[in-house]
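The values are calculated or read from the model by the stated rules, or taken from the named source; none is laboratory data. Computed from a prediction, not measured in an experiment: that's the story for all the values here. Cβ placement follows ideal geometry from the backbone for every residue including glycine, while neighbour counts extend to all protein chains displayed. All accessible areas refer to the heavy atoms of the entire protein, side chains included, with ligands and DNA or RNA removed. Shrake-Rupley method; radii C 1.70, N 1.55, O 1.52, S 1.80 Å.
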Amino acid sequence: MDISELPVPIRQRSLSYYLALFCIVVPFCSTIPFAWLYVLYVVGTGTVWYALNLSSTSKLLFPVALCEVLFSIYQYYLWRVVSPPAPYGPGDPGEIQAAFKRLLKSGLTPPTNGGDEGSHRPGSPEEDIVQLEFDDPRAIDFRNALRPWFGNATWSSIKLHQVHQWLYWSIYNADMPSYESLTASQQAVMAGALNLLQKRCGCIFEEGSNPSVEIMRMTLDRANVILRPFTFYLAIFLTNLSLKKWFQYAWSVRFDHHNGLEYLIRIPKHWDPVTGPRPLVFIHGLGVGLLMYSNLFQHLLRQFLDRPILILLQPQISQNIFHSSFLKPMTRHETAECLANLLIELGWVYHDLTDGNDTEREREIARSLVGKRRKGVTMLSHSKVITRWSVGLASLTPLPSAPGRVMCATTSYIAAPEQQAIEVLMRYFVATEIGVVNLLARHFDWTSNTLWFEEIPNACDPTKSFFLLGGQDSIIHSERVKRYLTSHGVKGGLWYDPVGSHGQALKPGTRGHLEILRWIREEI
C-alpha cells in the first residue's frame, strides 16, 4: 500500500478540546477586544472621570484596560517587525549541500542492517543515494514524510513547480522567481538537488503546477501571531523574577551571564572538579521559563546536592517580552560557542591547546588544567536526549534534540491542527506567541537545527547517551525517531514509553523521570 497517496485521517476533536477552547483560550483571547471596547466607550461617552472615581476596585478597571490597549498597539508593532521574511540570506552552500545529501541518506539502511552498538559510524551516512523503485518501502516512507511541507497533499497532486519552489526556499531562503530567470549556477544547483530528491522518492515529478497545494516555507509564510494580554505577560515576568530570587535564596543559586548567554548556576562548596561527579547542564524548551520548569529544577537541585548544576535561561522562548534581546535569538553556532567557552572557563571540560584561535584567557585556563582529569558534563534537554560529553568545542552542541526529521517536527508544531486540550493550549499559549514565532518562523535554519546521529558523541554507548521517547508525542514522530536510532545501533541507551507524551519524562515522579535520575547517578 502506498501510504503517500492516502488522505491524512481526520482526528475527532475530544470534549477536552472544547472545554479548553471555550473555558480558557476564548476568555484570554477576548481580553484585548473587551479592553478596547471599554476604553472606547468610556472615552467616547466622556465618563473618564466617573470611571476613575468609582469604588477602589472598580476604578482600577479603566487604567488596566488602557494598559491593555496601549500594550496591544506595542505588540502589533512587534508583529510588524517580525512579519517580513527572515532577515538572513542563504547559508553556506557547502553546508546546505552536505546537509541535504545527509537528509536524503537518512533511512536508506534497513534497520536490520544498522550498525552494531558501539560502532564508530554505523548506518545511513555511508550509503550512496541510488535510484529507488517507486514501490520501494524506503521511497514510500520518504514521500509520505515530505507531505507535511506540501499541506499533506496526496503525493500525485504535488507537481514539479511546487517542488522547485520548496527546493529553492530550502537552499536560498527566498521566494523563487520564474525558473527561466535563475542564473546558470542556480539552475545547476536546483537540477542537482532535484535529481537526488527524485532518486530518493523513487519517481519523477510530474511537470506543471497545482495551485491548490499549499507549500510551507516557514521563513516566508505569514507570521501567525495571537496577541496576549499585558497582564498575562506581566504575571509571567513577575513570577519568573520572584522564582529567580527564590532559587538564589533557597538553593544558593546565582544568576549570571556569559557573552549574552544567561544562566543559573550552583556549585557545591566541597565539590572537586577532578574527583567529583559530573556537572549537570539543563537546556529548557519552549514555554514560560522558570515558571514552567520550577518544580523540575527544584527536584534536580534537591536530588543532586553533590554536583554543580547549570540551567540555561532563554528569554526569547520564555515569553519574556520585556527582555532587551527578546526578538534577537542567538543562532545555533553562537549558542554553541558561548556555551562551550562558558564550560571551559568553569573548568568543566578539556580544551585543545593546539587551537590557534583562542584568547590568552582561554589558553591560561587550558594550561591550568593540564594533567588534571576532567569527566566532562551531563547535558539534559527538554527534547529528551541526555548525553555525557567530555571534551572540546566541536562536541558541545546546544541542541541535543531527538535526531532525524527536525524539519518535520517543527512543521508539526506550527501547522498541525489541534484536536486535544493540550494541543489547543500549546497552540495558543506557546506556538503563536510572538517570541516563539520569531524564533521558529523567522530565525529557522534547518541546516543548523538538525542534529544527525554521528554528531552525538558516543551515541551508541548506553553509559554515555540516553534517549527517551514518548509514543504519544504530538510534536516529534517518536516511532520514526526510534527506527532511526535503532538502525544506527542504539539499543541499551533507548527508553520508549508507548503512552508517553511530549516532555512527560521531565515530570518528577513519572517512570521516564525515574529512568533519567537512575542514569545520571550511574555515571562511570
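Please give the contour-minus-distance gain from Ser156 to Ile10: 0.36 nm per residue of separation, less the Cα-Cα distance, rounded to one decimal in nm.
50.6 nm
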With the crude spin-label approximation of a point 7 Å out along Cα→Cβ, what separation in nm comes out for Thr463 versus Thr239?
4.2
Can you order the peptides 423-429, 129-135 by their average number of other Cβ atoms within 10 Å per residue, highest first?
423-429, 129-135
For labels at Leu517 and Lys59 in the simple 7 Å Cα→Cβ model, what's the distance in nm?
5.3
When the label point is put 7 Å from the Cα of Glu95 along its Cα-to-beta-carbon vector, which residues of region 168-182 have a backbone N closer than 17 Å?
170-174
Separation of region 229-268 and region 435-514 by C-alpha centroid, Å?
27
Residue separation times 0.36 nm, minus the C-alpha to C-alpha distance between Trp251 and Val274: what's the value?
5.9 nm
Extension gain (nm, one decimal) between Phe22 and Val130, 0.36 nm per residue minus Cα-Cα:
33.7 nm
Leu78 - accessible surface, heavy atoms, 1.4 Å probe, Å² rounded to 10:
10
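Any of Lys328/Lys464; Lys59/Lys328; Lys101/Lys328; Lys244/Lys269; Lys199/Lys328 with alpha carbons more than 28 Å apart? Name them for me.
With Cα atoms farther than 28 Å apart: Lys328/Lys464; Lys59/Lys328; Lys101/Lys328; Lys199/Lys328.
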